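Only one structure is covered here, and it is reproduced in the block below.
The values are calculated or read from the model by the stated rules, or taken from the named source; none is laboratory data. Worth saying up front: this structure is predicted, and the values here are computed from it rather than measured. Here Cβ is always computed from backbone atoms with ideal geometry, including for glycine, and neighbour counts include all displayed protein chains. Areas reflect the complete protein model, heavy atoms only, side chains present, ligands, DNA and RNA absent. Shrake-Rupley method; radii C 1.70, N 1.55, O 1.52, S 1.80 Å.
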Amino acid sequence: MGISALQTRLQATLPMARIEPVALPGCEHISLALINADFPTGPLPGDVMHQVLANPAYWCLCWGSGAALAQLLLQEPQWVQGKSVVDLGSGSGIAGIAAALAGASSVLACDTDPDARLASATNAELNGVDIQISATLPQRCDIVLMADVLYDKQNLPLLGLAQQHASEVLVADTRITVLPDPDYRELTTINALTFPNLGEFDEFTTAHIFHWQARLPRISATQPIEDDV
Ligand SMILES: C[S@@+](CC[C@H](N)C(=O)[O-])C[C@H]1O[C@@H](n2cnc3c(N)ncnc32)[C@H](O)[C@@H]1O
């Protein structure tokens, strides 16, 4: 049901494309419903290209940054285990699905694109994980994940917005090597390709992973400690 609805949405801009569930290379125990892997990567007819640019179906690909963040969460589940997680700019839902599989207490996939919300819900079901879906951030959560959301410089304020809603933020990005906020510390880099493969330049196949954590309020050593009365 979800897969055929996704295919209808995709064919509104790419009439010759199909949606197929595939095991994700590098995270084989995650399956995602994505554009057919043999879809030609050559130039599209002008009118189709116009439609694609006007309404890009980012959700029909698993971006390298999302794949890298999923690998990190599955290898180091302590990042999300027992935590309430928001996957901001969820697209296919890859990062949120990995968080759920890694033991998050709850996962919310948040995306402004209604088709991406359908893709996240469909892919969560495909992987047997329970994920809530929303167009907006919740009041509070433990950790926000952002994979390949900073492709548009206008999205940079999302770094600050995430900090207002969470105690921790993990950002994965193949195009941005330095974040404007120095409180985001680079944790590691992970090589990952977008799937299906877009034939990206080598310089865009390394995801930089950044972490921000809220500072605990400092307690001064000289601060008087009041006795309980
Ligand atoms: C390149 S895709 C990345 C999807 C997924 N995280 C991945 O790594 O495969 C970026 C996604 O961010 C979403 N997005 C862009 N701006 C957003 C915003 N302000 N709030 C929420 N989602 C946003 C887009 O709709 C798109 O689904």
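Rundown of residues vs (1) out of contact with any Pro (no Cβ under 9 Å at 6 or more places or on another chain); (2) within 11 Å of the ligand (Cβ to nearest atom); (3) of a type in the set (A, V, I, L, M), yes/no style:
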{"position": "GLY89", "(1), (2), (3)": "yes, yes, no"}
{"position": "GLY93", "(1), (2), (3)": "yes, yes, no"}
{"position": "ALA109", "(1), (2), (3)": "yes, yes, yes"}
{"position": "LEU145", "(1), (2), (3)": "yes, yes, yes"}
{"position": "LYS153", "(1), (2), (3)": "yes, no, no"}
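Can you name every residue in region 135-168 that is hydroxyl-bearing (Ser, Thr, Tyr) and under 30 Å from THR189 (Cβ atoms)? Spell out the reasoning first.
If we filter region 135-168 for residues that are hydroxyl-bearing (Ser, Thr, Tyr), which is where we start, we get 136, 151, 167.
Across region 135-168, the qualifying residues are TYR151, SER167.
Which of the residues that make up region 59-69 are out of contact with any helix residue (DSSP H, G or I) (no Cβ under 6 Å at 6 or more places or on another chain) and open to solvent by less than 30 Å² (accessible area, probe 1.4 Å)? Write out each step before concluding.
Going residue by residue through region 59-69, those that are out of contact with any helix residue (DSSP H, G or I) (no Cβ under 6 Å at 6 or more places or on another chain) are 61, 63-65, 67-68.
Within region 59-69, LEU61, GLY64, SER65, ALA67, ALA68 meet the criteria.
Restricting the first member to region 16-35 and to residues that are free of Cβ contacts under 8 Å to residues at least 24 places away in the same chain, and the second to residues that are part of a strand (DSSP E or B) and open to solvent by 50 Å² or more (accessible area, probe 1.4 Å), the beta-carbon pairs closer than 9 Å and six or more apart or on different chains are ALA23/HIS29.
Which one is surrounded by the fewest Cβ atoms within 10 Å (Cβ to Cβ) among residues in region 70-87 that are in a helix (DSSP H, G or I), of a type in the set (A, V, I, L, M) and away from the ligand (no atom under 12 Å from the Cβ)?
Let us first name the residues in region 70-87 that are in a helix (DSSP H, G or I), namely 70-75, 77-79.
This time we only want the ones that are of a type in the set (A, V, I, L, M), so: 70, 72-74.
Add one more test, that the residue is away from the ligand (no atom under 12 Å from the Cβ), and what stays is 72-74.
Values: LEU72: 24, LEU73: 28, LEU74: 17.
The selected residue is LEU74.
Restricting attention to region 94-114, the residues that are touching a residue at least 40 places away in the same chain (Cβ under 8 Å) and crowded, with 21+ Cβ neighbours inside 10 Å total 7. Every listed requirement among (1) under 21 Å from ASN191 (Cα atoms); (2) without any contact (Cβ under 8 Å) to a residue 24 or more places away in the chain is met by LEU74 save one, (2). If the condition is being under 17 Å from ILE97 (Cβ atoms) and crowded, with 18+ Cβ neighbours inside 10 Å, then region 3-21 contributes LEU6, ILE19.
What are the residues in region 185-195 that are out of contact with any Phe, Trp or Tyr (no Cβ under 7 Å at 6 or more places or on another chain), in a strand (DSSP E or B) and open to solvent by 80 Å² or more (accessible area, probe 1.4 Å), if any?
As a first pass, look at region 185-195 and keep what is out of contact with any Phe, Trp or Tyr (no Cβ under 7 Å at 6 or more places or on another chain): 188-193, 195.
Add one more test, that the residue is in a strand (DSSP E or B), and what stays is 188-191, 195.
Matches in region 185-195: ASN191 only.
Quick grid of which residues meet (1) in a loop (DSSP other than H, G, I, E, B); (2) touching a strand residue (DSSP E or B) at 6+ places or on another chain (Cβ under 6 Å):
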position: ASP115; (1), (2): no, no
position: VAL129; (1), (2): yes, no
position: MET146; (1), (2): no, yes
position: VAL149; (1), (2): yes, no
position: LEU159; (1), (2): no, no
position: VAL171; (1), (2): no, yes
position: ILE176; (1), (2): yes, no
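Residue count for region 182-229 satisfying the condition of being of a type in the set (A, V, I, L, M) and at pLDDT 80 or above: 7.
Checking the condition within 13 Å of the ligand (Cβ to nearest atom) and surrounded by fewer than 20 Cβ atoms within 10 Å (Cβ to Cβ), which residue from PRO56, PRO45, PRO40, PRO25 passes?
On the way: PRO45 fails: within 13 Å of the ligand (Cβ to nearest atom); PRO40 fails: within 13 Å of the ligand (Cβ to nearest atom); PRO25 fails: within 13 Å of the ligand (Cβ to nearest atom).
Matching residue, one of PRO56, PRO45, PRO40, PRO25: PRO56.
Taking (1) modelled with pLDDT under 95; (2) of a type in the set (Val, Ile, Thr); (3) open to solvent by less than 20 Å² (accessible area, probe 1.4 Å) in turn, THR177 satisfies each apart from (3). Among PRO182, PRO157, which is the only one that is more than 17 Å from the chain's Cα centre (by Cα) and open to solvent by 80 Å² or more (accessible area, probe 1.4 Å)? When all the criteria are applied, what remains is PRO182.
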